Amino acid sequence: MCRIGEKSEFEGRERNRRRWGLSVMGFKAASLGVSRVEKLKSSMMSRSRMKLWMIRGTTSILLWTCVVQLMTLGETWGPRVLKGWPSCFSQESTAAFAVNSSPEVPARVLPPKRVYKNNGYLMVSCNGGLNQMRSAICDMVSIARYLNVTLIVPELDKTSFWADPSEFQDIFDVDHFITSLRDEVRILRELPPRLKRRVELGMIYTMPPISWSDISYYHNQILPLIRKYKVVHLNRTDARLANNGQPMEIQKLRCKVNFGALKFTPQIEELGRKVIQLLRQKGPFMVLHLRYEMDMLAFSGCSQGCNKDEIDELTRMRYAYPWWKEKIINSDLKRKDGLCPLTPEETALTLRALDIDSSIQVYIAAGEIYGGQRRMASLAAAYPNLVRKETLLEPSDLMFFQNHSSQMAALDYLVSLESDIFVPTYDGNMAKVVEGHRRYLGYKKTILLDRKLLVDLIDQHTAGSLTWDEFSKAVKEAHAERMGNPTKRLVIPDRPKEEDYFYSNPWECLEPSNEDETLSSSI
């Protein structure tokens, strides 16, 4: 009986346990149903939010695309406020080099990439000094654009007299160079791997183009070679594109490269700003490009004022460089023809005759002057505030620029652009390119010396046939319209070497100025 009772009691407990389990399961099922409904609602809300964000994102992208397209169209047709990049007619000064300017440059929208069928690749090796290479780079970009080929970042000359090991990216901001021209031409740092390997194996067509050639020469002669060989290497690039008679779009592109794309590295620009600030703190300054270095005198054969030992040294140097073709030179005859740089003594007389204030700072933009202090004595006596980058800066500032002549020349270039007056004593590449750049910046005062006339007047004054007042008056009258004022280039058919250089006066890209105000400005 006891066992039967225990069994009944056990069965009763089991029944109660099952009922409790069923009720708990029912509660869980109900809870699970509610949870699923909530999750479903949450999922629907998440999807709605996602659709809303997708709509907002798509709208933002479309609006941004419209803005970019408007800015792109604005570059060609629109007002200046829409322009993301300065046009060829923009006369904004190099504000980065101004005293009160901020080194921070606001972010700009990149121009759209130009889409075209690539005809091949163009490699170029520039020759000469900084400004000779600079103008050559502008020409090569224009040629690459016209031929629809990809340009490889140019190689700079390392075998010239200066033996500067600098690469393109050591002097110019290579990223800015590539991106600022992406709407004109495709530029790569190096060839694609397959083609690069071919070049390394010597499988490349190399040639020097014909100097002073019309753009049609490159279309008719160079383009077929690029299509045939895929890569063509032009190993000399100086003066390879004619000054005149080129399509207007080619001329303007040369200016766009020169005045916009060829920007110096941040390190060079920062040091350039520092030099300009130091000069501005003491008032106005003049840059004198005194091209009286040993290499210039040896090359030109000009030896006015040199002693016998110096003349012998210059002659030996001229014979040491086989690519300097002219060996026997009559210095006196060349000087009278105006083909020699003015000596420091002649320069001092000229500046005084022009009534240049003797207290003005005179920044010497040049290398080491041949003859040293002995030859600079008369100039220093007339203008005691002579300065150079080496005297303005600490040795530590120039430490990384030593033995890099192109980088040192870049500093002089920046200072020359910002000077109150720029006076070159010889019309070499730097003088010409700076002259053109200063025209672009608003026809800044650039005194273009008539050397042939000057040496004749100086000789007369030295011989006593001209008084100082007569000499000074004659110098002023001769240079009244040689101050960098607006003018068109001189064109000499069939004699391109004798006509005016494009980069000294790129009038196609210059905004008209009030010529009367320019000519009447006082020295």
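The values are calculated or read from the model by the stated rules, or taken from the named source; none is laboratory data. Remember, it's a predicted structure, so these values are computed and weren't measured experimentally. Every residue, glycine among them, receives a Cβ derived from its backbone with ideal geometry; neighbour counts consider all protein chains shown. Each accessible area value is taken on the protein alone, full model and side chains, heavy atoms only, with ligands, DNA and RNA left out. Shrake-Rupley method; radii C 1.70, N 1.55, O 1.52, S 1.80 Å.
Which of the helices (runs of 4 or more DSSP H) found entirely inside the stretch 416-493 contain at least 2 residues meeting this: in contact with a helix residue (DSSP H, G or I) (Cβ under 7 Å, 6 or more places away or on another chain) and small (Gly, Ala, Ser)?
Ranges flagged: 468-478.
Taking residue 145 as meeting all but one of (1) open to solvent by less than 10 Å² (accessible area, probe 1.4 Å); (2) in contact with a helix residue (DSSP H, G or I) (Cβ under 8 Å, 6 or more places away or on another chain); (3) in a helix (DSSP H, G or I), write down the number of the exception.
Condition not satisfied by residue 145: (1).
Taking only pairs six or more apart or across chains, which ones have beta-carbon atoms under 6 Å, a first residue in the stretch 452-466 that is at negative phi, and a second residue that is at pLDDT 95 or above and outside any helix (DSSP H, G or I)?
So the pair list comes out as 452/338; 460/466.
Can you name the residue in the stretch 266-318 that is of a type in the set (D, E, K, R) and not in a helix (DSSP H, G or I) and, of all such residues, is surrounded by the most Cβ atoms within 10 Å (Cβ to Cβ)? Quick ask: steps written out before the conclusion?
Residues of the stretch 266-318 that are of a type in the set (D, E, K, R), as a first pass: 269-270, 273-274, 280, 282, 291, 293, 295, 308-310, 312-313, 316, 318.
From what's left, not in a helix (DSSP H, G or I): 282, 291, 293.
Working: 282: 11, 291: 23, 293: 16.
Filtering first and then ranking leaves 291.
Does the stretch 319-345 hold any residues that are open to solvent by 40 Å² or more (accessible area, probe 1.4 Å) and part of a helix (DSSP H, G or I), and which are they?
If the condition is that a residue be open to solvent by 40 Å² or more (accessible area, probe 1.4 Å) and part of a helix (DSSP H, G or I), then 319, 320, 332, 333, 336, 345 are the ones that fit.
Does the stretch 506-517 include one or more residues that are under 30 Å from residue 211 (Cα atoms), more than 18 Å from the chain's Cα centre (by Cα) and open to solvent by less than 30 Å² (accessible area, probe 1.4 Å)?
Scanning the stretch 506-517 turns up at least one residue that is under 30 Å from residue 211 (Cα atoms), more than 18 Å from the chain's Cα centre (by Cα) and open to solvent by less than 30 Å² (accessible area, probe 1.4 Å).
Only residues that are under 19 Å from the mean Cα position of the chain (by Cα) and open to solvent by less than 60 Å² (accessible area, probe 1.4 Å): list them for the stretch 153-170, please.
Those that are under 19 Å from the mean Cα position of the chain (by Cα) and open to solvent by less than 60 Å² (accessible area, probe 1.4 Å): 153, 154, 156, 157, 164, 166, 168.
Out of 459, 420, I need the residue that is in contact with a strand residue (DSSP E or B) (Cβ under 9 Å, 6 or more places away or on another chain) and surrounded by fewer than 18 Cβ atoms within 10 Å (Cβ to Cβ). Which one? Don't jump to the end; show me each part of the working.
Values: 459 fails: in contact with a strand residue (DSSP E or B) (Cβ under 9 Å, 6 or more places away or on another chain).
The conditions single out 420.
Can you find a residue that is farther than 23 Å from residue 455 by Cα, open to solvent by less than 30 Å² (accessible area, probe 1.4 Å), part of a loop (DSSP other than H, G, I, E, B) and at pLDDT below 95 anywhere in the stretch 495-504?
no
Residues that are at pLDDT 95 or above, more than 28 Å from residue 196 (Cα to Cα), open to solvent by 40 Å² or more (accessible area, probe 1.4 Å) and in a helix (DSSP H, G or I): does the stretch 220-228 have at least one?
no
Working only within the stretch 346-388, note down all residues that are hydrophobic (A, V, I, L, M, F, W, C), open to solvent by less than 40 Å² (accessible area, probe 1.4 Å) and not in a helix (DSSP H, G or I).
Selection gives 354, 356, 360, 362, 364, 365, 366, 369, 387.
Could you say which residue among 260, 272, 283 is over 21 Å from residue 407 (Cα atoms) and small (Gly, Ala, Ser)?
283
Right, residue 237: open to solvent by less than 10 Å² (accessible area, probe 1.4 Å), polar (S, T, N, Q), in a loop (DSSP other than H, G, I, E, B) and closer than 29 Å to residue 412 by Cβ or not? If you could, list the steps in order and put the result at the bottom.
On the way: open to solvent by less than 10 Å² (accessible area, probe 1.4 Å): yes; polar (S, T, N, Q): yes; in a loop (DSSP other than H, G, I, E, B): yes; closer than 29 Å to residue 412 by Cβ: yes.
It is true that residue 237 is open to solvent by less than 10 Å² (accessible area, probe 1.4 Å), polar (S, T, N, Q), in a loop (DSSP other than H, G, I, E, B) and closer than 29 Å to residue 412 by Cβ.
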